[in-house]
Amino acid sequence: MDIEEKEIAFLTVPFGPQHPASGHFHALMKVDGETVLELEPHPGYLHRGFEKLMEYRIHPQNCVLADRLDILDPFPCELGYVNAVEKIAGLEVPKRGRYIRIIMTELGRILSHITWIGVLSMVLGFDSANKIAWGDREKIIRLNEMATGGRIYPCYLCVGGARRDISQEFVDETSKALDYLEGQLSFYDYFVFKNETFVMRMEKVGRMTAEEAIDLGATGPNLRACGVDYDVRKDEPYEVYPEVEFNVITREEGDAYARSLCRRGEIAESISIVRQLLNNLPDGAFRIELSPVWAAPEGECYFCLEAARGEKCFHMVSDGSPFPYRVKVRPPSLSHSLVQFPYLVKGNTIADVPAIYWSLDPGPADVDR
Amino acid sequence: MIKMGYLSDKFSRTFAPFGILKNLFKKPMTLQFPYESLPPLADYRGRHALDLEKCAGCFICSMICPNKAIWPAEFNGRRYPQVDLGKCCWCQLCEEYCPNEAIKLTPHSMMVTMDKESAILGLGEEGFVPRHK
């Protein structure tokens, strides 16, 4: 009996943009049974055109706008923008201002990573860990509120320093919050990172080698999890990073579990950096007063910094007017969710897709801008 | 032969979930909103307040506002700024660049309204008068 040849039909399954595990990121997966054959990312659901908007706004307004580049990690966006302007103008920011900036940026890194622990736990089915992590996130949000007046959008940094000074009360509250979070880290170790189910879901999943990671444009913890010792804070130090001591957390395995442990290690390093800066906080001025229509001189610069998700770069051109002529942002999540994610999910099961996606920690707002 | 380490590991894993029972004697992490809520701190950026005597009518606030949420309005024969809270992004630039410290952001954070008109702050003898609940 002849067996009829049937055309093999593959199913196309959408991932996002209203999926709880995707954020506002959309992708189409071609699946064969449970195995993902191909993944096609469709970004753009959060595109707001910030790079163009910035050309029509003066610098104080652009600092407010820069917050929205990455909602979960706003401080590095502001820091990158103001540093690019200061680099063109050759402004020397007071030392206290620089310290305040890095304290808030490192607190922002802890905030971003704790949020990530919550989301990753949620997509893996640990709802309790999600609730606990988001409860701990409130500690840092309260510090943001105390220092900046805003909980999610700080609108805090400005060209020439920071917009507000930090008080002794803030320093005390920060020390208390850091002590609490340091204690919580051992809890997360027990509850999440050493949990048998978590390890089984994450180990040997989405593995890439160091060469692959470099070719795919990985930066930040995703690159360091593959054994590449590269951190902008150490290799091209900016602001006051040369004055603080910290370790660059690297792992060799390059899988989802190694990426998770890298981020967990970075929380501890950030806590140590904030403590060092708070202990050596200098007195004096914290900002240079500039007119709102202050214009940077004609020039061009490229500035890179280490955000929570990876290397964030700003390319700015100034034509001598109060508006920037052109601002180009290179977000870390762009390569994470558009290049590495489709590459890593090939051959994995559908159940592993959220685990791989969140082990890369991309921000949809960061991708689309 | 079963090792002691294996046994103690199994024992701690078996009884670890019961550690959750201690939460019965703890305060809950959440608050029963709207009956109770976390009060905003003193420096929180909330609803605007205007000092009519200090305001010189220079409208620097209107020019610096990134969202164009502030525009002039007539009151008592003079022009004062008026704020649309629906457009405001709470960046505090109006307060920062006001030369007379006339416009300020207060810690009022509860602003609920069902229509666009009542999101605009009205003007009264004491400065801004909220129209929302």
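All of the numbers you see were taken from the coordinates with simple rules; none came from a lab. All of these numbers come straight from a predicted model, not from anything done at the bench. We place every Cβ from the backbone using ideal geometry, glycine too, and count neighbours over all the protein chains shown.
Charges at C-beta only: +1 for Lys and Arg, -1 for Asp and Glu. How large is the resulting dipole of segment B:48-129 about its Cα centre, in Debye rounded to 20? Don't skip to the end; give the middle numbers.
Working: 7 positive and 11 negative charges, 51 e Å.
My answer is approximately 240 debye.
Counting, for every residue in A:146-153, the Cβ atoms of other protein chains within 10 Å of its Cβ and taking the mean gives 5. Taking the C-alpha atoms only, the angle from helix B:4-15 to the longest principal axis of chain B is near 50 degrees. Phi-derived couplings, Karplus 6.51 cos²θ - 1.76 cosθ + 1.60 at θ = phi - 60°, listed residue by residue for segment A:204-215: 6, 10, x, 8, 9, 7, 4, 5, 4, 4, 5, 4 Hz, with x used for Gly and Pro.
Given B:Lys68/B:Lys116; A:Lys131/B:Lys87; A:Lys52/A:Lys87, which pairs have Cα atoms separated by over 23 Å?
Details: B:Lys68/B:Lys116 16 Å; A:Lys131/B:Lys87 32 Å; A:Lys52/A:Lys87 21 Å.
Listed pairs above 23 Å: A:Lys131/B:Lys87.
The H on the amide N of B:Leu52, modeled in the peptide plane, is under 5 Å from the matching H of B:Gly127, each at least 5 residues off or on a different chain. Counting only alpha carbon atoms, the long axis of helix A:127-148 and the longest principal axis of chain A meet at about 20°. For segment A:206-271, the fraction of C-alpha pairs more than 15 angstrom apart is 49%.
Rg/Rh, computed from the Cα trace of chain A with Rh as the Kirkwood radius, has the value 1.00. Evaluated with a Cβ-only charge set (Lys, Arg +1; Asp, Glu -1), chain A carries a dipole of roughly 1020 debye about its Cα centre, given to the nearest 20.
Can you quote the Å³ per residue value for the convex hull of the Cα atoms in segment A:4-159, rounded to an integer? Display every interim value, and only then the final one.
Details: hull volume 22.7 nm³, N = 156.
For segment A:4-159, the hull spanned by Cα atoms encloses 145 Å³ per residue.
In terms of packing, defined here as the mean over residues of other Cβ atoms within 10 angstrom, the peptides A:219-230, B:109-120 line up highest first as A:219-230, B:109-120.
Between the Cα long axis of helix A:168-188 and the first principal axis of chain A there is an angle of about 20°, rounded to the nearest 10.
Sorted on the mean count of surrounding Cβ atoms within 10 Å across their residues, most packed first, peptides A:257-264, A:272-279, A:95-102 read A:257-264, A:95-102, A:272-279.
Run lengths n ≥ 4 of DSSP H only: what is the helix-derived mean residue ellipticity at 222 nm for chain A, with -39500 (n - 2.57) per run over all residues, to the nearest 500? Let's see the in-between values first.
Numbers: 15 runs with 169 residues, N = 369.
Mean residue ellipticity at 222 nm (helix-derived): -14000 deg cm²/dmol.
Seen from A:Ser175, the other residues with C-beta closer than 15 Å to its C-beta sum to a net charge of -2, counting Lys and Arg as +1 and Asp and Glu as -1.
Put the Cα centre of segment B:59-82 next to the Cα centre of segment A:119-169 and the gap is 32 Å. Count Lys and Arg as plus one, Asp and Glu as minus one, and take only other residues whose Cβ is under 13 Å from that of A:Arg68; the net charge is then -4.
What GluC sites (Glu not before Pro) does segment B:1-81 have in DSSP loop regions with at most 14 other beta carbons within 10 Å? Show your work: numbers first, answer last.
Details: sites: B:Glu36, B:Glu53, B:Glu74; in loops: B:Glu36, B:Glu53.
Hits after loop and neighbour filter: B:Glu36, B:Glu53.
Peptide A:51-63 is shielded by partner chain Cβ atoms: per residue, an average of 2 of them sit within 10 Å of its Cβ.
Restricting attention to segment A:278-355, which GluC sites (Glu not before Pro) occupy a DSSP loop and are surrounded by at most 10 other Cβ atoms within 10 Å?
Numbers: sites: A:Glu289, A:Glu298, A:Glu300, A:Glu306, A:Glu311; in loops: A:Glu289, A:Glu298.
Sites meeting the loop and neighbour criteria: A:Glu289.
Listed peptides A:35-48, A:103-116 appear in the order A:103-116, A:35-48 once ranked by packing, highest mean of other Cβ atoms within 10 Å at the front.
The alpha-carbon of B:Lys10 sits under 14 angstrom from the alpha-carbons of these aspartates and glutamates, leaving out residues fewer than 8 places away in its chain: A:Glu196.
Any number yet on Rg/Rh for segment B:48-129, C-alpha, Kirkwood?
Details: Rg = 11.8 Å, Rh = 12.8 Å.
Computed over Cα atoms, the ratio is 0.92.
Annotation for segment A:80-101 versus segment A:22-68: alpha-carbon center distance of 28 Å. Counted by Cβ distance under 15 Å from A:Gly320, the other residues give a net charge of -3, where Lys and Arg count +1 and Asp and Glu count -1.
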